[in-house]
Structure formats: structure tokens, C-alpha cells
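Just so it is clear, none of the values below were taken in a lab; they were calculated from the coordinates. Because the structure is a prediction, the values reported are computed rather than measured. Neighbour counts are summed over all protein chains in view; Cβ atoms, including those assigned to glycine, are modelled from backbone coordinates with ideal geometry.
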Amino acid sequence: MATMATVPSKTRTKPNILVTGTPGTGKTSTASLIAELTGLNHINCSALVKSKQLSTEKNDEYDCLMLDEDALCDEIEDTMDVGGNIVDFHSIDFFPERWFDLVLVLRTDNTILYDRLQKRAYNQKKLQENVECEIMQVVLEEARNSYKEDIIHEVQSDNIDQMESNVERVQEWLKAWVPASSN
Ligand code: ADP
Ligand code: MN
């Protein structure tokens, strides 16, 4: 994927940001706040998958539906080509690499994450899977395998102060962003 010819990002006049991380690390909270403050269009992929039923058969073992990756990409492709989106999702290796100008990977201390997921009434198996996923840096590795290192920002999201500083960091980055064509 990384070496394939891609449509250059200069066709976009506004950047696209990907906010990712293990479930519970704060993607939706962080992306909502950024959208509110900057006017970027928040695409909550989990919500979209549910509302548009972009999933296939139920996976009983994990108590979840299987994502239809192609259907999700088709669903957001037009707005992604225009730019100005903040995409929020935990699974990211199937998005076209060219879509994103910044990839924010949220990290959370595993005991804090455990408490957050418990409040969501996750079953024990799903809870443990997700905490292990965070410990093993699964999403960070997926980001590193899918996007260029220099657009990936790994940030801690244990508390509100950190969330605010992460949001400020993105706002600063946005102010400095220029379309590739005007470089
Ligand atoms: P995700 O979208 O990654 O699953 P959410 O944004 O839904 O995560 O956050 C999960 C829970 O953790 C919510 O109750 C949210 O209020 C809380 N939370 C998220 N980020 C932080 C943070 N940085 N500090 C404190 N609480 C947070
Ligand atoms: Mn979410």
C-alpha cells in the first residue's frame, strides 16, 4: 500500500485527521472537542457503522458485528477527498494512506483504561482483550505499519488536562498546515 501510486494530497485544500487508539482511550471525546473548536467534520466511524449497518454477520465470541471495511471506505470516500474531516476509529489499517495528514494515537494507562471500560459494562472477556490490546500497543503498531512515521503523533490521554493539551496541539498543527501544492 505505501509504495503504490496515490492521488496526491494537493487535491485537498483542508487536511484530514485520524484519531485512533484502543477503545476507551478517548477518541470520541477528543475528536468531538477538536471538531467543536475547529469546525472540522467529526466522523465517528463506530456510530456510522451502526447507523448505516456497515457490518456483516455477528461474531458471538466477541459480542460484536464484523466490520465491512470496504463499505465504510465507500461511505466516507467523497468527504475524505474534499478534506476537513476528523475521523475517529480504533481499526485503521484498511483506510487509504493518502487520506490522512495527521494520525493521532491516544494512549491510556491500563488501570485507568480498565476503569473506563468497566463503566461501559463491557463483558470481562472484551474488557481484558482491550486492556491487553493497549498494553501490547496494537493500535500504535497498526498506525506505524499503515502511515508514515512523521505524521503519527502518539499522545497520552489519562486525564482531562492531557486531553486539553492534545486538543491544543492539534489546533496548533492545523494553524500551520498548508496544502501540499503550496509548499
Ligand atoms: P473512545 O471513543 O476511544 O472509546 P471515549 O471518548 O468514548 O473513548 O471515552 C471513554 C470514556 O473515558 C468516556 O467516559 C470519557 O469521558 C472518558 N475519557 C476519555 N478521555 C479522557 C481523558 N483524557 N481524561 C479523562 N476521561 C476521559
Ligand atoms: Mn468512541
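Worth pointing out:
Residues are listed down the side, and each one gets a yes or a no for (1) in contact with a strand residue (DSSP E or B) (Cβ under 7 Å, 6 or more places away or on another chain); (2) without any contact (Cβ under 8 Å) to a residue 40 or more places away in the chain:
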| site | (1), (2) |
| --- | --- |
| Arg12 | no, no |
| Leu18 | yes, no |
| Gly24 | no, no |
| Leu37 | no, no |
| Thr79 | yes, yes |
| Gly83 | no, no |
| His90 | yes, no |
| Asp93 | no, no |
| Leu104 | yes, no |
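- Yes/no for Asp81 being charged (D, E, K, R) and within 21 Å of Ile151 (Cβ to Cβ): yes
- For Ile34: the one exception among (1) within 27 Å of Asn159 (Cβ to Cβ); (2) away from ligand 2 (no atom under 16 Å from the Cβ): (2)
- For the range 107-121, the criterion of being under 15 Å from the mean Cα position of the chain (by Cα), under 26 Å from Ser165 (Cβ atoms) and touching a residue at least 24 places away in the same chain (Cβ under 8 Å) is met by at least one residue.
- Those residues of the range 157-183 which are buried (at least 16 other Cβ atoms within 10 Å of the Cβ) and either in a strand (DSSP E or B) or without any contact (Cβ under 8 Å) to a residue 24 or more places away in the chain (or both), in sequence order: Gln162
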